[in-house]
């Protein structure tokens, strides 16, 4: 198992997230990359401050963790289809998802890792929420757990994803849900599904492992898409521009829990 002794780090919260200190990850050695993998397995989310990355360098860094996904021309930077633009400028990007979700819920093979880099940030607001989906599953009320185990959610595009997944490395079970693009739960009547999904959302909303990340210029977050759910927060009324770059590594088929 890779060690974490090669980099200084501190916990961001008691339940999810760790911050690496005094490191530029792009030029770090392989031992540091191994340490990031270990921290992701343990804490689901890694944060690095003060990174200095161009789009090309963000793609280069992403390749150290896997093969980058490519985004369509309406979402990506012109020169680098691997870099997705996330901004509060509605003319330049889609509205952000202000609900709990996993990246790529409508893909047969959702991303393995997501990397999110702060290019321009807001003075106030714009936080991103993260919750450890493994802890959320492990602490589910018995009735909700029985309701989602063995069931799948139907996405807006018709794709089906299990509501519980098994992590490909750690084998831990986790809640897998997208509260924005789910249309129905297979095998349940609409009202029954609505009640169950509402109870699941309430559990995730109030979970002790929720961490709110306040962005600063040069912040880079890396999260394990099989272990964490995340959500944007409602954008504040402001004339300030928020600009983020996102990359993702290709994943593999979801292992149902």
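The values are calculated or read from the model by the stated rules, or taken from the named source; none is laboratory data. Please read all numbers here as calculations on a predicted model, not as lab measurements. For neighbour counting, all protein chains shown are included, and Cβ atoms are generated from backbone atoms with ideal geometry for every residue, glycine included.
Do we find that residue 237 is more than 21 Å from residue 45 (Cα to Cα) and out of contact with any strand residue (DSSP E or B) (no Cβ under 6 Å at 6 or more places or on another chain) in this structure?
Values: more than 21 Å from residue 45 (Cα to Cα): yes; out of contact with any strand residue (DSSP E or B) (no Cβ under 6 Å at 6 or more places or on another chain): yes.
For residue 237, the condition - more than 21 Å from residue 45 (Cα to Cα) and out of contact with any strand residue (DSSP E or B) (no Cβ under 6 Å at 6 or more places or on another chain) - is met.
So which residues in the stretch 128-179 are part of a strand (DSSP E or B), without any contact (Cβ under 8 Å) to a residue 60 or more places away in the chain and crowded, with 22+ Cβ neighbours inside 10 Å? Before you say what the answer is, go through the steps one by one.
The initial filter retains those residues of the stretch 128-179 that are part of a strand (DSSP E or B), namely 128-132, 152-155, 160-162, 164-166, 173-175.
Now narrow it down to the ones that are without any contact (Cβ under 8 Å) to a residue 60 or more places away in the chain: 153-155, 160, 175.
153, 175, listed by residue number.
Can you give me the number of residues within the stretch 180-218 that are closer than 22 Å to residue 15 by Cα and without any contact (Cβ under 8 Å) to a residue 24 or more places away in the chain?
Residues in the stretch 180-218 being closer than 22 Å to residue 15 by Cα and without any contact (Cβ under 8 Å) to a residue 24 or more places away in the chain: 2 in total.
Among 78, 14, which is the only one that is out of contact with any strand residue (DSSP E or B) (no Cβ under 7 Å at 6 or more places or on another chain) and either within 29 Å of residue 136 (Cβ to Cβ) or modelled with pLDDT of 95 or more (or both)? Full working, then the answer.
Details: 78 fails: either within 29 Å of residue 136 (Cβ to Cβ) or modelled with pLDDT of 95 or more (or both).
Checking each option against the conditions leaves just 14.
Got a number for residues in the stretch 191-211 being surrounded by fewer than 17 Cβ atoms within 10 Å (Cβ to Cβ) and modelled with pLDDT of 95 or more? Walk me through how you get there before you give the answer.
We begin by selecting, within the stretch 191-211, every residue surrounded by fewer than 17 Cβ atoms within 10 Å (Cβ to Cβ); these are 191-192, 194-195, 198-199, 201-202, 205-206, 208.
Checking the rest, the ones that are also modelled with pLDDT of 95 or more come to 191-192, 194-195, 198-199, 201-202.
The number of residues fulfilling the criteria is 8.
Starting from residues that are surrounded by fewer than 19 Cβ atoms within 10 Å (Cβ to Cβ) and modelled with pLDDT of 95 or more, keep the ones in the stretch 215-236 and report whichever is nearest to residue 137 (Cα to Cα).
Looking only at the stretch 215-236, we keep the residues that are surrounded by fewer than 19 Cβ atoms within 10 Å (Cβ to Cβ), and these are 216-218, 232-236.
Filter again for modelled with pLDDT of 95 or more, leaving 216-218.
Details: 216: 31, 217: 33, 218: 32 Å.
Residue satisfying both the conditions and the ranking: 216.
So, in the stretch 92-121, of the ones that are surrounded by fewer than 23 Cβ atoms within 10 Å (Cβ to Cβ) and farther than 24 Å from residue 59 by Cα, which residue ends up modelled with the lowest pLDDT?
For the stretch 92-121, the residue satisfying everything is 98.
For residue 86, all conditions in the list (1) surrounded by fewer than 18 Cβ atoms within 10 Å (Cβ to Cβ); (2) closer than 20 Å to residue 17 by Cβ; (3) modelled with pLDDT under 95; (4) touching a strand residue (DSSP E or B) at 6+ places or on another chain (Cβ under 8 Å) hold save one; what is the number of the exception?
Unmet condition: (1).
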